[in-house]
1. Can you spot a residue in segment 170-178 that is part of a helix (DSSP H, G or I) and touching a helix residue (DSSP H, G or I) at 6+ places or on another chain (Cβ under 6 Å)?
2. Hey, any hits in segment 89-103 for a residue that's under 23 Å from residue 154 (Cβ atoms), surrounded by 16 or more Cβ atoms within 10 Å (Cβ to Cβ) and touching a helix residue (DSSP H, G or I) at 6+ places or on another chain (Cβ under 9 Å)?
3. I need the full set of residues from segment 123-154 which are under 24 Å from residue 57 (Cβ atoms), out of contact with any helix residue (DSSP H, G or I) (no Cβ under 6 Å at 6 or more places or on another chain) and crowded, with 18+ Cβ neighbours inside 10 Å, in order please.
4. Restrict the check to segment 44-58 and report whether at least one residue is farther than 20 Å from residue 170 by Cβ and free of Cβ contacts under 8 Å to residues at least 12 places away in the same chain.
5. Consider residue 137 carefully, then state whether it is more than 18 Å from residue 33 (Cβ to Cβ), without any contact (Cβ under 8 Å) to a residue 60 or more places away in the chain and in a helix (DSSP H, G or I).
6. Counting only residues that are within 15 Å of residue 60 (Cβ to Cβ) and part of a helix (DSSP H, G or I), which one in segment 97-113 is nearest to the chain's Cα centre (by Cα)?
7. Among 81, 59, which is modelled with pLDDT of 85 or more, more than 21 Å from residue 143 (Cβ to Cβ) and surrounded by fewer than 14 Cβ atoms within 10 Å (Cβ to Cβ)?
8. Do you know which residues across segment 27-43 are in contact (Cβ under 8 Å) with a residue 60 or more places away in the chain and either under 14 Å from residue 86 (Cβ atoms) or in contact with a strand residue (DSSP E or B) (Cβ under 7 Å, 6 or more places away or on another chain) (or both)?
């Protein structure tokens, strides 16, 4: 057997093994992104289920704060719609609105001592706050998974395998700028 034939076979074997290793790695990254999103989705669903209970509890005490309650429910519906459509950007925007609405709701609740003392309200507030914290943690994990995936499929020579197989970049879950703004407490009590 000629040396050039042996070199050709060695290069072919190396390229094939390399392509298989890259492919398997990319599949792992793709599924890590999917799993991270599924974890967020479960938490969003749990919070989605808790919000009507919170609003109903608040309605009994906050008769004239209807706008705040309706804002939370509209935002809840927007999150659910975006979640069902697997629209990461839509979830991010709707989440910002919902989180702002919840912040407003909890701030307004401060003016209602009977509501704050209500065991149901305390439980729901604690549950939703816990879910919010877990969602934030999972969002961080999801974005790290997306980043690892996106970097890997753009690096040379992995980009060659990624394009041949059809791997696509994923979207980061970013929340709206207004979510980061402070709640205007004086506007809530006027």
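1. Yes: one or more hits.
2. yes
3. 125, the sole residue that qualifies.
4. Yes, segment 44-58 contains at least one residue that is farther than 20 Å from residue 170 by Cβ and free of Cβ contacts under 8 Å to residues at least 12 places away in the same chain.
5. Considered against the rule, which asks whether it is more than 18 Å from residue 33 (Cβ to Cβ), without any contact (Cβ under 8 Å) to a residue 60 or more places away in the chain and in a helix (DSSP H, G or I), residue 137 comes out as no.
6. Once the filter is applied, the top-ranked residue is 105.
7. That would be 81, the only listed residue that is modelled with pLDDT of 85 or more, more than 21 Å from residue 143 (Cβ to Cβ) and surrounded by fewer than 14 Cβ atoms within 10 Å (Cβ to Cβ).
8. Within segment 27-43, 33, 36, 37, 40 meet the criteria.
The values are calculated or read from the model by the stated rules, or taken from the named source; none is laboratory data. Given the structure is predicted, the values throughout are model-derived calculations rather than measurements. Positions of Cβ are generated from backbone atoms using ideal geometry, with glycine treated the same way; all protein chains shown enter the neighbour counts.
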